[in-house]
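Peer 1: Provided herewith is a single structure, encoded as structure tokens, for subsequent inquiry.
What follows draws every value from the coordinates through simple rules; no lab data is involved. Note that the structure is predicted; figures quoted are calculated from it, not measured. Note that we place each Cβ from the backbone using ideal geometry, even for glycine, and neighbour counts take in every protein chain shown.
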Amino acid sequence: MNFVKNLLTLRWITGRRVVIAVPFVWLAFAFLVPFLIVLRISFTEADNGGNPFGTLMTLVDGVVTLKVKISNYLFIAEDELYAVTYLNSLKFAAVTAALCLIIGYPFAYFMARAKPTMRPVLLMLVMMPFWTSFLLRIYAWKGILANHGILNSFLIGVGAISEPLHLMNTQFSLIIGMVYAYLPFMILPLYANLVKMDVRFLEAAADLGATPLQAFWRITVPLSKSGIIAGTMLVFIPAVGEYVIPELLGGPETLMIGRQLWDEFFTNNDWPLASSVTVVVIMLILVPMAIFNKYKADQEARS
């Protein structure tokens, strides 16, 4: 009997470890291994044969020599172009995340307070843009915002303007495209958080004399903090490295780090420098996130 009990316990522990190991294995192959490859390339120098991976170790007369090239990182630190493109990326990503939060929160709140029978329909409407190609949706905005596009033609037709507005290849067109593309990533985590909120808290606040606005600001917003953080991260992180939208809708003043990476990889064919830029971008994103998560964990432990 004890043998059978121990065997079942062993199987349960083994099964639990396997289930836990699956996401870690996936992260290792999908993130850690590619990151280590890029990190290796960043410390090498492309050889004359056009090999982008370069040579990190050489063996000559039985002597192994390790060559670690850090000049790419020094060049990035000294060149103003990379600082400007990275700051632009942070700025546009932050503006996109803020606008997605302002627009998406009312959407998510309305969906969470709708009738249970209507929620699947509203959720499907939010996810429906994903059924269409991302490139087609961004190209559609080119047709809308062009000088002779749909928006300008409509404004001229109703007499609101006499000449077409220059909307394409500006910061405005870039922000419009990024907010449109990433808005569902803000709405979905907010909805998942708000739909689980106990409405009895709001009823209690109303009984204590709180106005609807006070109840919303003091109860709904704090209780949805985790959804706000999750949505902001889901929008901000991919927006920093966005390439397609700045390329199609942006202009010279909207240069972002994704375009710079493309130029270094495929135009200049300088894989070590491009890999160095990639490593710097990843670290500048992950380090603040790690510090924030550590601060949040410490704060929750004290409370």
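Peer 1: Between residue 19 and residue 67, what length comes free when the chain is fully extended (0.36 nm per residue of separation minus the Cα-Cα distance, one decimal in nm)?
Peer 2: That pair, residue 19 and residue 67, stretches by 13.2 nm at full extension.
Peer 1: Test of understanding: ordering 105, 73 by Cβ neighbours within 10 Å, fewest first, what list do you get? Mind showing how you got there, number by number?
Peer 2: Values: 105 21, 73 16.
The fewest-first ordering by Cβ neighbours comes to 73, 105.
Peer 1: Next question. Among rounded, prolate and oblate, which fits the chain when a ≥ b ≥ c are the square roots of the eigenvalues of its C-alpha gyration tensor, a/c under 1.5 means rounded, and a/b larger than b/c means prolate?
Peer 2: Because a/c hits 1.5 or more and a/b fails to exceed b/c, the chain counts as oblate.
Peer 1: Taking R0 as 35 Å, what's the FRET efficiency between residue 26 and residue 210 from their Cβ-Cβ distance, rounded to 0.05?
Peer 2: So the FRET efficiency works out to roughly 0.15.
Peer 1: In debye, nearest 20, what is the charge dipole magnitude of the chain about its Cα centre with +1 on Lys and Arg Cβ and -1 on Asp and Glu Cβ, if you could check?
Peer 2: The dipole magnitude comes to about 1700 debye.
Peer 1: Report, largest value first, the span of the C-alpha coordinates of region 91-209 along each principal axis, in whole Å.
Peer 2: So the extents along the principal axes, rounded to whole Å, are 56, 35, 31.
Peer 1: Suppose every K and R has +1 on its Cβ and every D and E has -1 on its Cβ; what is the size of the dipole of region 60-174 about the Cα centre, in Debye to the nearest 20?
Peer 2: 700 debye
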